[in-house]
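The block underneath contains the structure these notes are about, expressed in structure tokens.
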Amino acid sequence: MTYRKYEPLAKELITHLSGFKEDEENFFRCEQYVLSNLLYHHCLDVNSHAVRRSLDGLILKFCVHGQHNRAENLKKLTQRFLKSPFFKDHTVLDIQWSLLSLLLHLSNNPTKFLQGSPQDNPHEVIEVDLASSYAVQEDEVKEDFDWGAYLKEDNEELSSRKDESLSDWSSDEEDEGNVFGPLSISRTQSDVSQCTLLLPAVPEGETSKTGLAHGGASTVGTVTKESSHRAQSWLEANLQPRFWCEKDSGATSMQFNKDPNMVSKLWEENQKWHAVDKPAPKLVSEWVVMREILWVLMKPAESFLITKDTNGVFIMRSNITISSLVQNAFRSYLSTIMPTVQKLEEINKFIKRTNHEIYNFPSTYLSYAQGLNLWSQKFLEHLSKLEKDLKAQEKTCTLLWLNKELKPWINDVAVIYAAHMEGLSVIDTAPNWTKATWLLRALFEHLSSAGDMKSQTVLLRLFLHSLRYYLSIIHNWQYNGNFQDDKDEFLVKRNKDVSVGDENYWKSAYIIKNVKCSDGCFPDQHSRKTVVPFLVPILKSLVVVGKNRELMASLTSHQVSKKGIVKNPSKDDKGSLEQQFVENVQKLLVEASDSKQEQIVDKTEVMENEGSVQDKIVCEVQDRLHSLALQLDDTYLLETHPSTFHFQDKTANRISDDISRTIEGLCINRGLSMERIFSLALHPLIQGEEHVSSSQLLSLLTTEYKLRDHLQLLRGVLLMEEGDVMHEFYSHLFVKIESGDIIDSLGLTLHLQDCISRRFPDFAQSFSVFVKQQDVGVEEDLLEQKEPLEVPDSVDLETAWEDNDSEILIKKLNWSEKVLDDITVHYPVLMHCFLDLRSGLTRTPKCLSHSVFSKNVLSKLYLFSGLCSPIFNLLHFEILKFTCHFIDHVNSLLRLFWESM
Amino acid sequence: MEEVTMSAKGSGMTAKETFQTLMEMSKLLNTGLDETTLALCVRLCECGANPESLAKVIVELRREVAALNMDKNQTKQGQ
């Protein structure tokens, strides 16, 4: 049944669309295709809601494309169609929706299609064209500000004129020529003239000419005059006058002052009568003045508001005022800002100089400039924010409001400037270390003496930034044993004449500079303390740790293992000294403040940390890449992909940014002793490092260099605790002396080594004996000497007086000391290491009893010698040059060893 | 313009007006349907044809006709 219904209609459709005849093969195929699709389709039934939505969407699309007329038409047609009574009693349900659905499916880009070709209905099309085009223009006009209304009026008049002359299009040519020819020309010309009319300086003559040129276009001329007036008024309402030009400042400024201060006006009028010579003041708006102030603070320079006098000092220009203040009041207000501008200029000049002349300034100055720069950026951001508020004009902005906003920053500028000028008061020819230390001291003193907490906070940040270079030097020195101070600005100096192996290493390897500068480094030639107080107590510890590290580095340089040079493991775990110090300061500040303040500081830290999460993720990825490259140990990979594995600089930058960020996040919330804070933050780090380095050095010496064994050997041999070992040597020596044999160094050396090798076979070869023969004439003179000789210091008088022949003994001692040959025993060990090693260890008690014991041993030796023979030799040991001092050291070291065992 | 009578019971004017409205909408939506085709479509829809399948058929027929015409033109130019 359905097939029979469709068949004739389908055939007709095919014939109409394709033009095929019924007997053609194509027609047959088309028929089959059409019928099969109509009968055996898989399409869903029409959904009226979907159709409605599609139509609404299409209407919206027309609106979006600016084709509002078409949208309206479609809407009206749809409503009319759906409301048609034709569908009320129709047999087919929802036939209207089916038809609409059909149209929607067949629609082909309706927005791009320009409706109304002349072929269909020229009259209607023209009308629709005009109406739609002008309607579009209307819409565009509505979207613009004032331009649209002006254009719309003009177009309406033209269209109305056209409507009137529609019937005349096919009639008189002259009229057409008069009306439409010039009309078309006038349209373009008027458009151009209208455009030109909108500029400020357009003579009205042109517009009148365009109006008068066309006889029938008198309305066009009037419109252009109106439009010119409208344009000018719009310009005056929306354009800023050029207040910095003399011509405009007086003329247009008054228009903005709707409610001028009548009192100030009266006063000024009165003043004018009395001061004829003075120029009339320029009146500007408060808004202009506020913006000028902000610009001047952003960039201190001459401007409309301020200028420089002959001395280079910023002053306000004399003839400017605002309507709400008299001139003097305005000047007094601005005079509070002029000094700030001057100070900012100085600070900015310094920052600029440090950026350009890096090599001429100590690194501490550069760090300080970086801190100043960070503060300056914050200040600029605040000024930008204020300017945005001014430009937005969404709240009441007055000079009072601006003053309130700027006051804390102006205070900061004053504080910073005071510290800045004092910190840089050193003469240019002063040494870098004086400049650096004095800068730090000046900042520290201002920080300690600052009144309010905000000033303290600002100065604290500046001080910490400035201290970073010092801390980096200390870090490299303490943790890596590498003392690098290229610009010689640290408090300690490495004596390059003293190497690690030098016996004066412990005494004079590092020189602490004079903390009191007295070399005329200041303009007033007074000497002042330049070092920061909390650094003084740790200087010695720094030197000790430095010496320990350097010694360890030199001792282990020939024993480099696969893992590399021994480094302080705490460095890898906890970060650099700068980081640790700043974090300690932060913790101490937080602990010292209230709990609420803790939360605020934590929140700011969280906010700062959140802002850098992405950077951290990127850096972590780069760290992994770099560690992977290191594992592969491929230098070519690192070189060919520098950007990927260029992580050291980025890491350094990241760390410095983290430290800077931490410093900038510090805040002082209550009065605190900054010296105590800094001491608590830094001293434990240095002292801990001292302990660690000392223990490391000690373990190195005991394990690698067998210090214990050496000291035991010294004790046994030179201090003669191993009596049986040395007895044989002495006996042999005495026999030789008594027999008058020639004493030679080689023989004595071999004998000594032979004796020692029985007890200490490993160290016997290190000993050697040298003999220095005395003059023969001395002996004869002394034999005849009858005067009592001086008692040598090495003799214990108490023991000596036990013997009644004390006088003879003394004589013999002196005689032997001067006459007999000098015999010295050499033991080449790291003497300088042992000598002052005590200073590198903690808890070193003095052992006087051992030194006394040793003296007694020597004196007994003398007595023994004296009893055995009238001629005895006094053995001078090389080591006795340092006798008491060395014995104290050695015995204390031994005691420490045995206590630790 | 042809007057297409619709097989509906309503008044001719109503049907005619409705058809004209539909025609205007068709032009507005750029369907490319002339009055005859539209009338045929309306009758097919009244017979129960699904509009979506009908639309597909019409689009396909147009496409094929356009392709045939193009071939013819090319052969003519070749000659």
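The values are calculated or read from the model by the stated rules, or taken from the named source; none is laboratory data. What you see is a predicted model; the values in this text were computed from it and never measured. Backbone-built Cβ (ideal geometry, glycine too); neighbour counts: all protein chains shown.
Scanning for something closer than 22 Å to A:Lys352 by Cα and surrounded by 15 or more Cβ atoms within 10 Å (Cβ to Cβ), does region A:384-406 turn up at least one residue?
No, that holds for no residue.
Has region A:428-439 got at least one residue that is touching a residue at least 60 places away in the same chain (Cβ under 8 Å) and of a type in the set (D, E, K, R)?
Yes, there is a match, as at least one residue in region A:428-439 is touching a residue at least 60 places away in the same chain (Cβ under 8 Å) and of a type in the set (D, E, K, R).
Six or more apart or on different chains, Cβ atoms under 8 Å: show the pairs whose first residue is in region A:501-513 and basic (Lys, Arg) and whose second is modelled with pLDDT under 80 and in a loop (DSSP other than H, G, I, E, B).
A:Lys507/A:Asp836
Cβ-Cβ under 9 Å, sequence separation 6+ or interchain: first residue in region A:355-380 and more than 29 Å from A:Leu406 (Cβ to Cβ), partner outside any helix (DSSP H, G or I) and polar (S, T, N, Q). Which pairs?
Note: no pairs meet the criteria.
Would you point out which residue out of A:Arg461, A:Arg468 is in contact with a Leu (Cβ under 9 Å, 6 or more places away or on another chain), basic (Lys, Arg) and surrounded by 16 or more Cβ atoms within 10 Å (Cβ to Cβ)?
Within the list A:Arg461, A:Arg468, the selection yields A:Arg461.
Give me a count of the residues in region B:28-68 that are crowded, with 16+ Cβ neighbours inside 10 Å, at the interface with chain A (Cβ under 7 Å from one of its Cβ atoms) and assigned to a helix (DSSP H, G or I).
Number of matching residues: 19.
So, in region A:56-74, of the ones that are part of a helix (DSSP H, G or I) and in contact (Cβ under 8 Å) with a residue 24 or more places away in the chain, which residue ends up farthest from the other protein chains (Cβ to nearest Cβ)?
A:His68
Give me the residue from region A:36-55 that is touching an Asp or Glu at 6+ places or on another chain (Cβ under 7 Å) and within 11 Å of chain B (Cβ to nearest Cβ) and, out of that set, farthest from A:Leu93 (Cα to Cα).
A:Cys43
What are the residues in region A:96-122 that are modelled with pLDDT under 90 and not polar (S, T, N, Q), if any?
Those that are modelled with pLDDT under 90 and not polar (S, T, N, Q): A:Pro110, A:Lys112, A:Phe113, A:Leu114, A:Gly116, A:Pro118, A:Asp120, A:Pro122.
Considering A:Ser627, A:Ser660, A:Ser656, A:Ser679, which residue is part of a helix (DSSP H, G or I), under 30 Å from A:Met453 (Cβ atoms) and at pLDDT below 80?
Sole residue among the options that is part of a helix (DSSP H, G or I), under 30 Å from A:Met453 (Cβ atoms) and at pLDDT below 80: A:Ser656.
Among what's in region A:406-442 and is at pLDDT 90 or above and β-branched (Val, Ile, Thr), pick the residue that is nearest to A:Lys385 (Cα to Cα).
So, considering only residues that are at pLDDT 90 or above and β-branched (Val, Ile, Thr), the one nearest to A:Lys385 (Cα to Cα) is A:Ile410.
Based on what the data block shows, is A:Asp23 out of contact with any helix residue (DSSP H, G or I) (no Cβ under 8 Å at 6 or more places or on another chain), at the interface with chain B (Cβ under 7 Å from one of its Cβ atoms) and either assigned to a helix (DSSP H, G or I) or surrounded by fewer than 19 Cβ atoms within 10 Å (Cβ to Cβ) (or both)?
Judged against the criteria, A:Asp23 is not a match.
Would a scan of region A:420-440 turn up a residue that is surrounded by 16 or more Cβ atoms within 10 Å (Cβ to Cβ), out of contact with any helix residue (DSSP H, G or I) (no Cβ under 7 Å at 6 or more places or on another chain), of a type in the set (Val, Ile, Thr) and in a helix (DSSP H, G or I)?
yes
Exactly one condition in (1) at the interface with chain B (Cβ under 8 Å from one of its Cβ atoms); (2) surrounded by fewer than 16 Cβ atoms within 10 Å (Cβ to Cβ); (3) within 24 Å of A:Pro110 (Cβ to Cβ) is false for A:Leu77; which is it?
All conditions are met except number (2).
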